[in-house]
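A quick write-up on the structure given underneath.
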Amino acid sequence: MSPSTPRPAEQPNDLESFWMPFTANRAFKKAPRMISRAEGMHYYTTEGKPIMDGTAGLWCCNAGHARRPIIQAIQAQAEELDYAPAFQFGHPKVFAAAARVAALAPGDLDHVFFAGSGSEAVDTALKIAIAYWNVTGKGSKTRLIGRERGYHGVGFGGISVGGIVSNRKFFGSLLAGVDHMPTTYNREKQAFSKGEPEWGGHLADELERIVTLHDASTVAAVIVEPMAGSTGVLPPPVGYLKKLREICTKHGILLIFDEVISGFGRLGYAFAAERYGVIPDMICFAKGVTSGAVPMGGVLVRKGIYDAFMNGPDHAIELFHGYTYSGHPLAAAAALAALDIYREEGLFERTRDLEPLWAEAIMSLKGEPNVVDIRTLGLVAGIDLIPHADGPTKRGFAAMDHAFHNEGLMLRYTGDTLALTPPLIITESQIDELVEKVRRTIRAVA
Ligand SMILES: Cc1ncc(COP(=O)(O)O)c(C=O)c1O
(Lines give C-alpha, C1' and ligand atoms only; values in the text may rest on other atoms or scores of the structure.)
Protein backbone atom coordinates (compact mmCIF):
# COMPACT_ATOMS: atom_id res chain seq x y z
CA MET A 1 0.00 0.00 0.00
CA SER A 2 1.48 3.39 -0.93
CA PRO A 3 1.97 5.87 1.90
CA SER A 4 -0.69 8.19 0.47
CA THR A 5 -3.45 5.55 0.35
CA PRO A 6 -5.69 5.95 3.39
CA ARG A 7 -5.73 2.69 5.33
CA PRO A 8 -8.73 1.46 7.23
CA ALA A 9 -7.86 1.80 10.89
CA GLU A 10 -9.28 0.07 13.89
CA GLN A 11 -11.97 2.03 15.68
CA PRO A 12 -11.40 1.59 19.38
CA ASN A 13 -14.70 0.63 20.97
CA ASP A 14 -13.70 1.58 24.51
CA LEU A 15 -12.88 5.23 24.99
CA GLU A 16 -13.26 5.09 28.73
CA SER A 17 -9.91 3.79 29.97
CA PHE A 18 -7.71 6.54 28.60
CA TRP A 19 -7.74 9.67 30.82
CA MET A 20 -6.80 12.21 28.19
CA PRO A 21 -4.31 14.96 29.11
CA PHE A 22 -5.32 18.64 28.94
CA THR A 23 -8.62 17.54 27.38
CA ALA A 24 -12.33 17.94 28.02
CA ASN A 25 -12.67 14.15 28.36
CA ARG A 26 -16.47 13.92 28.44
CA ALA A 27 -16.95 16.16 25.41
CA PHE A 28 -14.30 14.24 23.47
CA LYS A 29 -15.78 10.87 24.30
CA LYS A 30 -19.21 12.04 23.10
CA ALA A 31 -17.84 13.34 19.77
CA PRO A 32 -14.28 12.04 19.28
CA ARG A 33 -11.72 13.79 17.12
CA MET A 34 -9.85 10.63 16.26
CA ILE A 35 -6.69 10.59 14.18
CA SER A 36 -5.13 7.45 12.80
CA ARG A 37 -2.59 8.49 10.20
CA ALA A 38 -0.49 11.42 9.03
CA GLU A 39 1.58 12.46 6.07
CA GLY A 40 3.20 15.78 5.15
CA MET A 41 0.88 18.63 6.11
CA HIS A 42 -2.08 16.39 6.93
CA TYR A 43 -3.59 14.11 9.50
CA TYR A 44 -6.25 11.58 8.50
CA THR A 45 -9.21 10.56 10.63
CA THR A 46 -10.13 6.95 11.21
CA GLU A 47 -12.57 7.39 8.30
CA GLY A 48 -9.73 8.60 6.08
CA LYS A 49 -10.78 12.27 6.03
CA PRO A 50 -7.80 14.67 5.66
CA ILE A 51 -7.25 17.21 8.43
CA MET A 52 -4.81 20.00 7.68
CA ASP A 53 -2.30 20.24 10.50
CA GLY A 54 -2.41 23.87 11.62
CA THR A 55 -0.46 23.15 14.80
CA ALA A 56 2.44 20.84 13.85
CA GLY A 57 0.85 18.37 16.25
CA LEU A 58 1.64 20.17 19.49
CA TRP A 59 4.16 22.62 18.05
CA CYS A 60 6.52 19.71 17.44
CA CYS A 61 6.28 18.18 13.94
CA ASN A 62 8.30 20.94 12.31
CA ALA A 63 9.42 18.79 9.35
CA GLY A 64 5.85 17.63 8.66
CA HIS A 65 4.57 14.10 9.11
CA ALA A 66 5.79 10.65 8.16
CA ARG A 67 9.10 11.88 6.81
CA ARG A 68 10.87 8.85 5.33
CA PRO A 69 14.38 9.63 6.64
CA ILE A 70 13.07 9.91 10.21
CA ILE A 71 11.01 6.73 9.91
CA GLN A 72 13.95 4.83 8.46
CA ALA A 73 16.33 6.12 11.13
CA ILE A 74 13.98 4.97 13.90
CA GLN A 75 13.45 1.58 12.25
CA ALA A 76 17.16 1.01 11.74
CA GLN A 77 17.95 2.07 15.29
CA ALA A 78 15.35 -0.27 16.78
CA GLU A 79 16.97 -3.15 14.87
CA GLU A 80 20.47 -2.21 15.97
CA LEU A 81 20.08 -1.05 19.57
CA ASP A 82 16.67 -0.78 21.21
CA TYR A 83 17.81 0.69 24.49
CA ALA A 84 21.00 1.37 26.37
CA PRO A 85 21.32 3.07 29.73
CA ALA A 86 22.86 6.53 29.76
CA PHE A 87 23.92 6.22 33.40
CA GLN A 88 27.56 5.10 33.31
CA PHE A 89 27.22 3.77 29.73
CA GLY A 90 26.89 5.42 26.36
CA HIS A 91 25.92 4.75 22.78
CA PRO A 92 27.30 6.58 19.76
CA LYS A 93 24.17 8.32 18.52
CA VAL A 94 23.47 10.18 21.75
CA PHE A 95 26.91 11.80 21.59
CA ALA A 96 26.38 12.63 17.93
CA ALA A 97 22.95 14.14 18.67
CA ALA A 98 24.37 16.27 21.51
CA ALA A 99 27.13 17.58 19.25
CA ARG A 100 24.63 18.40 16.48
CA VAL A 101 22.30 20.28 18.84
CA ALA A 102 25.23 22.13 20.42
CA ALA A 103 26.51 23.13 16.98
CA LEU A 104 23.19 24.89 16.34
CA ALA A 105 23.34 26.90 19.55
CA PRO A 106 24.97 30.32 19.82
CA GLY A 107 28.00 31.23 21.92
CA ASP A 108 29.44 28.69 24.32
CA LEU A 109 26.19 26.82 24.87
CA ASP A 110 28.06 23.65 24.05
CA HIS A 111 26.96 20.92 26.47
CA VAL A 112 23.67 19.05 26.31
CA PHE A 113 21.86 17.24 29.13
CA PHE A 114 19.15 15.05 27.62
CA ALA A 115 15.72 14.43 29.12
CA GLY A 116 12.55 12.82 27.85
CA SER A 117 10.29 15.87 27.46
CA GLY A 118 10.02 19.61 27.75
CA SER A 119 8.79 19.40 31.34
CA GLU A 120 11.80 17.30 32.29
CA ALA A 121 14.07 19.72 30.44
CA VAL A 122 12.71 22.60 32.52
CA ASP A 123 13.11 20.79 35.83
CA THR A 124 16.61 19.80 34.76
CA ALA A 125 17.57 23.41 34.01
CA LEU A 126 16.16 24.69 37.31
CA LYS A 127 18.02 21.98 39.24
CA ILE A 128 21.28 22.64 37.38
CA ALA A 129 20.95 26.35 38.19
CA ILE A 130 20.56 25.78 41.91
CA ALA A 131 23.26 23.09 41.97
CA TYR A 132 25.63 25.35 40.01
CA TRP A 133 25.53 27.98 42.73
CA ASN A 134 26.02 25.24 45.29
CA VAL A 135 29.14 23.86 43.65
CA THR A 136 30.56 27.34 43.15
CA GLY A 137 30.22 28.18 46.84
CA LYS A 138 27.13 30.41 46.60
CA GLY A 139 24.57 28.05 48.09
CA SER A 140 22.29 30.90 49.22
CA LYS A 141 21.34 31.53 45.60
CA THR A 142 18.24 29.32 45.37
CA ARG A 143 15.36 31.57 44.30
CA LEU A 144 13.82 31.14 40.87
CA ILE A 145 12.06 33.86 38.92
CA GLY A 146 9.51 33.14 36.21
CA ARG A 147 6.83 35.25 34.61
CA GLU A 148 3.06 35.62 34.74
CA ARG A 149 1.42 33.71 31.87
CA GLY A 150 4.60 31.66 31.35
CA TYR A 151 4.31 27.95 30.51
CA HIS A 152 7.15 25.64 31.45
CA GLY A 153 5.49 22.25 31.34
CA VAL A 154 3.78 20.42 34.13
CA GLY A 155 6.45 19.25 36.60
CA PHE A 156 6.35 20.87 40.03
CA GLY A 157 9.31 23.05 39.06
CA GLY A 158 7.71 24.07 35.79
CA ILE A 159 4.31 24.97 37.25
CA SER A 160 5.99 26.86 40.09
CA VAL A 161 7.92 29.18 37.78
CA GLY A 162 5.05 29.12 35.27
CA GLY A 163 2.29 31.67 35.42
CA ILE A 164 -0.84 30.02 34.06
CA VAL A 165 -3.40 30.09 36.85
CA SER A 166 -5.31 26.88 36.01
CA ASN A 167 -2.06 24.93 35.82
CA ARG A 168 -1.12 26.03 39.35
CA LYS A 169 -4.19 26.48 41.49
CA PHE A 170 -5.07 22.80 41.98
CA PHE A 171 -1.62 21.67 43.01
CA GLY A 172 -0.91 22.97 46.47
CA SER A 173 1.87 25.23 47.58
CA LEU A 174 4.30 24.44 44.75
CA LEU A 175 8.03 25.21 45.11
CA ALA A 176 9.01 27.74 47.74
CA GLY A 177 11.17 30.75 46.89
CA VAL A 178 9.70 31.57 43.48
CA ASP A 179 8.69 35.01 42.22
CA HIS A 180 7.20 36.20 38.94
CA MET A 181 7.77 39.10 36.60
CA PRO A 182 4.68 40.65 34.99
CA THR A 183 3.46 39.47 31.61
CA THR A 184 4.66 41.50 28.64
CA TYR A 185 1.20 41.64 27.06
CA ASN A 186 -0.89 44.79 26.95
CA ARG A 187 -3.67 44.77 24.37
CA GLU A 188 -4.24 48.51 24.49
CA LYS A 189 -0.64 49.20 23.55
CA GLN A 190 0.13 46.22 21.32
CA ALA A 191 -3.01 45.06 19.48
CA PHE A 192 -2.47 43.69 15.97
CA SER A 193 1.34 43.84 16.12
CA LYS A 194 3.27 41.85 13.57
CA GLY A 195 6.44 40.46 15.11
CA GLU A 196 7.88 42.05 18.24
CA PRO A 197 5.63 44.79 19.67
CA GLU A 198 7.23 48.21 20.01
CA TRP A 199 5.72 48.76 23.45
CA GLY A 200 6.83 46.83 26.53
CA GLY A 201 10.64 46.60 26.52
CA HIS A 202 10.69 48.57 29.77
CA LEU A 203 8.84 45.73 31.55
CA ALA A 204 12.19 43.97 31.88
CA ASP A 205 12.98 46.57 34.56
CA GLU A 206 10.53 44.71 36.80
CA LEU A 207 13.27 42.12 37.17
CA GLU A 208 15.48 44.78 38.73
CA ARG A 209 12.72 45.51 41.26
CA ILE A 210 12.29 41.81 42.15
CA VAL A 211 16.05 41.30 42.50
CA THR A 212 16.25 44.34 44.77
CA LEU A 213 13.43 42.94 46.91
CA HIS A 214 15.06 39.53 47.42
CA ASP A 215 18.71 40.54 46.98
CA ALA A 216 20.79 38.99 44.21
CA SER A 217 22.58 36.83 46.79
CA THR A 218 19.38 34.71 47.03
CA VAL A 219 18.48 34.48 43.34
CA ALA A 220 19.64 31.51 41.25
CA ALA A 221 17.96 31.97 37.90
CA VAL A 222 15.38 33.67 35.74
CA ILE A 223 13.43 31.53 33.29
CA VAL A 224 11.34 32.83 30.38
CA GLU A 225 10.02 31.63 27.08
CA PRO A 226 11.49 34.05 24.52
CA MET A 227 8.00 33.99 23.00
CA ALA A 228 5.29 32.91 25.43
CA GLY A 229 3.49 30.23 23.42
CA SER A 230 1.01 28.11 25.31
CA THR A 231 -0.58 31.08 27.04
CA GLY A 232 -1.70 32.35 23.64
CA VAL A 233 1.32 33.56 21.65
CA LEU A 234 2.96 36.64 23.17
CA PRO A 235 6.02 37.79 21.21
CA PRO A 236 8.68 39.60 23.24
CA PRO A 237 8.60 43.40 23.03
CA VAL A 238 11.52 45.04 21.23
CA GLY A 239 14.58 45.14 23.49
CA TYR A 240 12.98 43.15 26.33
CA LEU A 241 15.15 40.02 26.20
CA LYS A 242 18.38 42.02 25.82
CA LYS A 243 17.47 43.96 28.94
CA LEU A 244 16.76 40.77 30.89
CA ARG A 245 20.22 39.54 29.87
CA GLU A 246 21.85 42.77 31.04
CA ILE A 247 20.13 42.67 34.41
CA CYS A 248 21.00 38.98 34.95
CA THR A 249 24.64 39.59 34.02
CA LYS A 250 24.85 42.64 36.28
CA HIS A 251 23.56 40.69 39.29
CA GLY A 252 25.18 37.32 38.62
CA ILE A 253 21.90 35.51 37.94
CA LEU A 254 21.57 32.69 35.39
CA LEU A 255 19.22 33.33 32.48
CA ILE A 256 17.32 30.32 31.13
CA PHE A 257 15.43 30.45 27.86
CA ASP A 258 12.70 27.85 27.59
CA GLU A 259 12.81 27.20 23.84
CA VAL A 260 10.71 24.05 23.89
CA ILE A 261 8.50 25.54 21.18
CA SER A 262 10.62 28.39 19.83
CA GLY A 263 13.55 26.06 19.05
CA PHE A 264 14.25 24.27 15.78
CA GLY A 265 12.99 26.80 13.29
CA ARG A 266 9.64 27.97 14.62
CA LEU A 267 10.87 31.59 14.66
CA GLY A 268 13.12 31.24 11.62
CA TYR A 269 16.29 30.29 13.49
CA ALA A 270 17.62 27.22 15.25
CA PHE A 271 16.89 29.05 18.51
CA ALA A 272 15.16 32.32 19.36
CA ALA A 273 18.39 33.25 21.17
CA GLU A 274 19.92 33.70 17.72
CA ARG A 275 16.99 35.72 16.40
CA TYR A 276 17.31 38.13 19.31
CA GLY A 277 21.09 38.17 19.60
CA VAL A 278 20.85 37.22 23.27
CA ILE A 279 22.88 34.38 24.75
CA PRO A 280 21.23 32.84 27.79
CA ASP A 281 23.08 30.55 30.21
CA MET A 282 20.84 27.59 29.43
CA ILE A 283 18.32 26.71 26.74
CA CYS A 284 15.58 24.12 27.31
CA PHE A 285 14.50 22.30 24.16
CA ALA A 286 12.26 19.36 23.16
CA LYS A 287 9.53 18.83 20.54
CA GLY A 288 11.13 19.92 17.24
CA VAL A 289 14.45 18.24 18.07
CA THR A 290 12.98 14.98 16.74
CA SER A 291 10.19 16.69 14.77
CA GLY A 292 7.93 15.09 17.38
CA ALA A 293 8.61 11.56 16.14
CA VAL A 294 10.09 10.22 19.40
CA PRO A 295 9.91 11.96 22.79
CA MET A 296 13.07 13.87 23.63
CA GLY A 297 13.96 16.97 25.60
CA GLY A 298 17.16 18.50 26.83
CA VAL A 299 19.06 21.46 28.18
CA LEU A 300 21.89 23.28 26.47
CA VAL A 301 24.36 24.54 29.05
CA ARG A 302 27.17 27.05 28.75
CA LYS A 303 30.68 25.69 29.04
CA GLY A 304 31.42 27.50 32.30
CA ILE A 305 28.45 25.87 34.02
CA TYR A 306 29.43 22.37 32.87
CA ASP A 307 33.05 22.97 33.85
CA ALA A 308 32.05 24.07 37.35
CA PHE A 309 30.72 20.56 38.01
CA MET A 310 33.80 18.74 36.68
CA ASN A 311 35.56 18.64 40.01
CA GLY A 312 36.47 16.03 42.58
CA PRO A 313 37.80 12.54 41.94
CA ASP A 314 37.36 11.10 38.44
CA HIS A 315 35.22 8.19 39.62
CA ALA A 316 32.67 10.45 41.37
CA ILE A 317 29.31 11.29 39.78
CA GLU A 318 29.25 15.04 39.20
CA LEU A 319 25.49 15.66 38.99
CA PHE A 320 22.93 13.46 40.73
CA HIS A 321 20.26 13.87 38.10
CA GLY A 322 19.09 12.03 34.99
CA TYR A 323 16.28 9.98 33.47
CA THR A 324 16.03 6.38 32.31
CA TYR A 325 15.24 7.81 28.89
CA SER A 326 17.89 10.57 28.80
CA GLY A 327 19.17 10.20 25.23
CA HIS A 328 17.13 7.13 24.29
CA PRO A 329 18.66 5.53 21.17
CA LEU A 330 15.44 5.87 19.14
CA ALA A 331 15.17 9.53 20.09
CA ALA A 332 18.82 10.19 19.27
CA ALA A 333 18.40 8.52 15.86
CA ALA A 334 15.21 10.50 15.17
CA ALA A 335 16.94 13.74 16.21
CA LEU A 336 19.85 13.19 13.85
CA ALA A 337 17.45 12.51 10.96
CA ALA A 338 15.24 15.50 11.79
CA LEU A 339 18.23 17.84 12.04
CA ASP A 340 19.41 16.55 8.63
CA ILE A 341 16.02 17.40 7.11
CA TYR A 342 16.03 20.88 8.63
CA ARG A 343 19.48 21.52 7.18
CA GLU A 344 18.97 19.90 3.78
CA GLU A 345 15.61 21.57 3.18
CA GLY A 346 16.67 24.90 4.71
CA LEU A 347 13.49 24.91 6.80
CA PHE A 348 14.68 27.54 9.28
CA GLU A 349 15.61 29.99 6.51
CA ARG A 350 12.38 29.12 4.70
CA THR A 351 10.41 30.09 7.80
CA ARG A 352 12.23 33.41 7.90
CA ASP A 353 11.34 34.01 4.24
CA LEU A 354 7.69 33.04 4.77
CA GLU A 355 7.19 35.17 7.88
CA PRO A 356 6.02 38.39 6.13
CA LEU A 357 3.59 36.50 3.89
CA TRP A 358 2.28 34.49 6.86
CA ALA A 359 1.82 37.64 8.95
CA GLU A 360 -0.02 39.38 6.11
CA ALA A 361 -2.32 36.41 5.48
CA ILE A 362 -3.18 35.97 9.16
CA MET A 363 -3.74 39.70 9.68
CA SER A 364 -6.44 39.53 6.98
CA LEU A 365 -8.60 38.01 9.72
CA LYS A 366 -8.75 41.41 11.42
CA GLY A 367 -12.34 42.60 11.20
CA GLU A 368 -13.84 39.10 11.37
CA PRO A 369 -16.47 38.68 14.11
CA ASN A 370 -15.17 38.77 17.70
CA VAL A 371 -11.51 39.15 16.68
CA VAL A 372 -9.98 41.62 19.16
CA ASP A 373 -6.27 40.99 18.61
CA ILE A 374 -3.92 39.05 16.36
CA ARG A 375 -0.22 38.43 16.98
CA THR A 376 2.25 36.84 14.60
CA LEU A 377 5.90 35.84 14.87
CA GLY A 378 7.88 33.38 12.73
CA LEU A 379 5.37 30.73 11.67
CA VAL A 380 3.17 31.34 14.70
CA ALA A 381 -0.10 33.19 15.15
CA GLY A 382 -2.41 33.91 18.07
CA ILE A 383 -5.93 35.18 17.42
CA ASP A 384 -7.92 36.49 20.40
CA LEU A 385 -11.68 36.13 20.24
CA ILE A 386 -14.18 37.81 22.54
CA PRO A 387 -15.36 35.15 25.01
CA HIS A 388 -18.86 33.74 24.60
CA ALA A 389 -21.56 35.24 26.83
CA ASP A 390 -21.73 31.87 28.66
CA GLY A 391 -18.14 32.28 29.84
CA PRO A 392 -14.48 31.95 28.84
CA THR A 393 -13.13 29.08 26.71
CA LYS A 394 -16.52 28.16 25.21
CA ARG A 395 -15.89 29.99 21.93
CA GLY A 396 -12.31 28.72 21.77
CA PHE A 397 -13.44 25.14 22.28
CA ALA A 398 -16.25 25.54 19.73
CA ALA A 399 -13.76 26.88 17.17
CA MET A 400 -11.37 23.94 17.64
CA ASP A 401 -14.24 21.44 17.40
CA HIS A 402 -15.84 23.14 14.40
CA ALA A 403 -12.52 23.44 12.57
CA PHE A 404 -11.87 19.72 12.97
CA HIS A 405 -15.29 18.40 12.03
CA ASN A 406 -16.37 20.96 9.45
CA GLU A 407 -13.22 22.46 7.99
CA GLY A 408 -10.78 19.58 8.22
CA LEU A 409 -8.33 21.71 10.21
CA MET A 410 -6.48 21.09 13.44
CA LEU A 411 -6.06 24.24 15.47
CA ARG A 412 -5.35 24.83 19.15
CA TYR A 413 -7.04 27.12 21.57
CA THR A 414 -6.04 28.51 24.94
CA GLY A 415 -8.96 30.21 26.62
CA ASP A 416 -10.47 32.06 23.67
CA THR A 417 -7.21 32.48 21.78
CA LEU A 418 -6.71 30.38 18.68
CA ALA A 419 -3.10 29.34 18.07
CA LEU A 420 -1.69 28.39 14.68
CA THR A 421 1.77 26.85 14.29
CA PRO A 422 1.86 24.72 11.13
CA PRO A 423 4.73 22.45 10.09
CA LEU A 424 7.52 24.51 8.53
CA ILE A 425 6.94 22.76 5.18
CA ILE A 426 3.64 24.59 4.63
CA THR A 427 3.38 26.05 1.11
CA GLU A 428 2.16 29.53 0.24
CA SER A 429 -1.10 28.18 -1.16
CA GLN A 430 -1.61 26.05 1.94
CA ILE A 431 -1.21 29.20 4.05
CA ASP A 432 -4.08 30.76 2.09
CA GLU A 433 -6.13 27.59 2.48
CA LEU A 434 -5.47 27.49 6.21
CA VAL A 435 -6.43 31.14 6.68
CA GLU A 436 -9.73 30.64 4.81
CA LYS A 437 -10.53 27.63 6.98
CA VAL A 438 -9.88 29.73 10.07
CA ARG A 439 -11.96 32.60 8.66
CA ARG A 440 -14.96 30.33 8.09
CA THR A 441 -14.49 28.82 11.55
CA ILE A 442 -14.45 32.23 13.25
CA ARG A 443 -17.63 33.15 11.41
CA ALA A 444 -19.27 29.85 12.33
CA VAL A 445 -18.69 30.36 16.06
CA ALA A 446 -19.76 34.02 16.08
C1 LIG B 1 7.71 26.50 26.63
C2 LIG B 1 7.37 25.10 27.02
N3 LIG B 1 8.07 24.51 27.98
C4 LIG B 1 7.83 23.24 28.36
C5 LIG B 1 6.83 22.51 27.76
C6 LIG B 1 6.55 21.13 28.22
O7 LIG B 1 6.89 20.18 27.29
P8 LIG B 1 6.34 18.68 27.44
O9 LIG B 1 4.87 18.74 27.17
O10 LIG B 1 7.13 17.93 26.39
O11 LIG B 1 6.65 18.22 28.81
C12 LIG B 1 6.08 23.10 26.73
C13 LIG B 1 5.01 22.34 26.06
O14 LIG B 1 4.25 22.85 25.28
C15 LIG B 1 6.34 24.43 26.37
O16 LIG B 1 5.61 25.04 25.42
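Could you grab the pairs with beta carbons closer than 8 Å, sequence gap of 6+ or different chains, first residue in the stretch 251-264 and in the same structural domain as TYR306 (by TED's automatic domain parsing), second one acidic (Asp, Glu) and near the ligand (Cβ under 9 Å from one of its atoms)?
PHE257/GLU225; ASP258/GLU225; GLU259/GLU225; VAL260/GLU225; ILE261/GLU225; SER262/GLU225
May I ask you to list pairs of residues, at least six apart or on different chains, whose Cβ atoms are under 9 Å apart, with the first in the stretch 317-346 being touching a residue at least 12 places away in the same chain (Cβ under 8 Å) and surrounded by fewer than 18 Cβ atoms within 10 Å (Cβ to Cβ) and the second being assigned to a helix (DSSP H, G or I) and among the small types (Gly, Ala, Ser)?
Listed pairs, sorted by first residue: LEU319/ALA131; HIS321/ALA131; ASP340/ALA73.
For the stretch 11-56, enumerate the residues that are touching a His at 6+ places or on another chain (Cβ under 8 Å) and at pLDDT 95 or above.
ARG33, ALA38, GLU39, GLY40, MET41, HIS42, TYR43, PRO50, ILE51, MET52, ASP53
Taking LEU241 and the conditions (1) of a type outside the set (Phe, Trp, Tyr); (2) within 15 Å of the ligand (Cβ to nearest atom); (3) assigned to a loop (DSSP other than H, G, I, E, B), which numbered condition does it fall short on, given that it satisfies the others?
(3)
Of the residues VAL301, VAL294, which single one is touching a residue at least 60 places away in the same chain (Cβ under 8 Å) and surrounded by 24 or more Cβ atoms within 10 Å (Cβ to Cβ)?
VAL301
Could you list, in sequence order, all residues of the stretch 148-165 that are within 15 Å of the ligand (Cβ to nearest atom), surrounded by fewer than 19 Cβ atoms within 10 Å (Cβ to Cβ) and farther than 18 Å from ALA220 by Cβ?
Once the filter is applied, which keeps residues that are within 15 Å of the ligand (Cβ to nearest atom), surrounded by fewer than 19 Cβ atoms within 10 Å (Cβ to Cβ) and farther than 18 Å from ALA220 by Cβ, the stretch 148-165 yields GLU148, VAL154.
Does at least one position in the stretch 166-181 carry a residue that is surrounded by 21 or more Cβ atoms within 10 Å (Cβ to Cβ) and in a strand (DSSP E or B)?
yes
Residue by residue through the stretch 277-291, note down the ones that are surrounded by 24 or more Cβ atoms within 10 Å (Cβ to Cβ) and not hydrophobic (A, V, I, L, M, F, W, C).
PRO280, ASP281, LYS287, GLY288, THR290, SER291
Tell me the helices (runs of 4 or more DSSP H) entirely within the stretch 278-377 that contain at least 2 residues that are within 30 Å of ARG440 (Cα to Cα) and modelled with pLDDT of 95 or more.
Qualifying helices (runs of 4 or more DSSP H): 347-363.
Among the candidates VAL154, VAL112, single out the residue that is under 20 Å from LEU254 (Cβ atoms) and either modelled with pLDDT of 95 or more or part of a helix (DSSP H, G or I) (or both).
It is VAL112.
The values are calculated or read from the model by the stated rules, or taken from the named source; none is laboratory data. Remember, predicted model here, so these are calculated numbers, not experimental data. Don't worry about glycine lacking a Cβ; one is built from the backbone with ideal geometry, like all the others, and counts go over all protein chains shown.
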